[in-house]
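The values are calculated or read from the model by the stated rules, or taken from the named source; none is laboratory data. Please read all numbers here as calculations on a predicted model, not as lab measurements. For neighbour counting, all protein chains shown are included, and Cβ atoms are generated from backbone atoms with ideal geometry for every residue, glycine included. Accessible surface is based on the protein model in full, side chains and every heavy atom, while ligands, DNA and RNA are left aside. Shrake-Rupley method; radii C 1.70, N 1.55, O 1.52, S 1.80 Å.
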Amino acid sequence: MTSAREYLERFANLDLGRAARSGVPEVVLAEGKTAEQTMAIARRMLDQVGRVLISRVSPEVRAALQEAFADTVEWTVYSEGRTLTLSKPGIAPPQRGGRVGVLTAGTGDLPVAEEAIALCIEMGCAIWRASDVGVAGLHRLFEPLRAMLDAPVDVIIVAAGMDGALPSVVAGLVDVPVIGLPTSVGYGFGGGGVGALTSMLQTCAPGLAVVNIDNGIGAGAIAGRIANRAADARRLR
């Protein structure tokens with residue numbers, strides 16, 4: 001009979017030391033994996049490190065995870081279940097002190113933005129967030145942005161689809177790094193996030209870095225590293 005570990009080794013070679021080495025924990029991308037593969041990886045990570053972050057979770061995989069782990073782990077659910085954190089009771093991420101702001105231009109950008117939020121939390125950062133503050137009603141931006149600067153946050157992630165204009169606006173107003181996160185919200189010419197990505201790459205506002213379309217995990221990893229390095233510097237003062 002094949003053991004659980006032997007079954008896992010057929011398709012996964014987990015990097016369980018990634019968080020200690022790089023500050024960014026391994027993230028399980030459920031997209032493209034079967035429910036059985038995702039459960040096997042999650043079970044190994046829970047056994048070894050006590051927590052696991054899973055992204056791009058389909059309803060079928062979520063149902064399988066609930067059946068397997070409903071009574072044994074603590075759940076944190078993002079984006080209505082698209083992103084999940086499972087943890088053994090009492091196992092929390094270390095508090096590193098980084099401060100990350102997250103803005104979304106529209107409600108449709110939330111699933112991708114919450115991938116970034118989930119990873120930043122796993123990296124030990126505190127989050128300031130505001131949604132639906134895009135350029136179609138720019139007055140909605142000022143109050144939450146002021147609150148982030150008063151915190152003060154160390155870095156701001158700005159998720160936007162459509163014309164992708166909001167990250168450039170924010171980068172022109174603040175003195176902290178801004179990460180543009182283009183999302184595949186949009187239609188027609190330039191849809192699928194292409195227009196948003198192009199607009200962000202062509203920004204004339206200095207201080208804006210850009211990740212790929214829908215790459216919430218990438219944006220979260222960069223933001224978390226910046227914020228935690230800033231927190232380390234605060235502790236040395």
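Restriction of the chymotrypsin sites (Phe, Trp or Tyr not before Pro) in the stretch 124-231 to DSSP coil positions whose beta-carbon has at most 11 other beta-carbons within 10 angstrom yields 187, 189. Measuring r between the beta carbons of residue 66 and residue 151 and using R0 = 45 Å, the FRET efficiency lands at 0.80.
Report the gain in length on full extension from residue 15 to residue 48: 0.36 nm times residue separation, minus Cα-Cα distance, nm rounded to one decimal. Please list the in-between numbers first.
Details: separation 33, 0.36 × 33 = 11.88 nm, distance 1.09 nm.
Full extension from residue 15 to residue 48 adds 10.8 nm.
For residue 136 and residue 29, a Förster radius of 35 Å and the Cβ-Cβ distance give a FRET efficiency of 0.65, rounded to the nearest 0.05.
Pop out the carbon and sulfur fraction of the accessible area of the chain as a percent, whole number, probe 1.4 Å. Carbon and sulfur: 54 percent of the exposed surface of the chain.
Report, in degrees rounded to the nearest 10, the 0 to 90 angle that the Cα long axis of helix 216-235 makes with the longest principal axis of the chain. For 216-235 against the chain, the angle is about 80 degrees.
Projecting the Cα positions of 195, 182, 227 onto the charge dipole of the chain (unit charges on Cβ atoms of Lys, Arg, Asp and Glu, taken about the Cα centre) puts 227 furthest along the positive direction.
Sparsely packed loop sites in the stretch 29-83 (the trypsin sites (Lys or Arg not before Pro) outside DSSP H, G, I, E and B with at most 10 other Cβ atoms within 10 Å) do not occur.
Look at where the Cα atoms of the stretch 103-121 and of the stretch 50-84 average out, and the two centres are 17 Å apart.
Estimated at 0.36 nm per residue, the fully extended path between residue 204 and residue 36 surpasses their Cα-Cα distance by 55.8 nm. Can you give the FRET efficiency for residue 173 and residue 212, using 1/(1 + (r/R0)^6), R0 = 30 Å, r = Cβ-Cβ distance, to the nearest 0.05? With a Förster radius of 30 Å, E is 0.75. Dipole size of the chain about its Cα centre, with +1 on Lys/Arg Cβ and -1 on Asp/Glu Cβ: approximately 740 debye, rounded to the nearest 20. What does the charge count around residue 164 come to, taking other residues whose C-beta lies under 13 Å from its C-beta (Lys +1, Arg +1, Asp -1, Glu -1)? Surrounding charge for residue 164 is -3. Note on the stretch 18-71: Cα convex hull, mean projected area over all directions, 3.8 nm².
How much space per residue, in cubic angstrom, does the convex hull of the C-alpha atoms of the chain take up?
Numbers: hull volume 31.9 nm³, N = 237.
Convex hull of Cα atoms, per residue: 135 Å³.
For the chain, the Cys residues with no second cysteine's beta carbon closer than 4.7 Å are 204.
In the full protein context, the stretch 142-188 carries 40 Å² of accessible surface per residue, based on a 1.4 Å probe and ignoring ligands, DNA and RNA.
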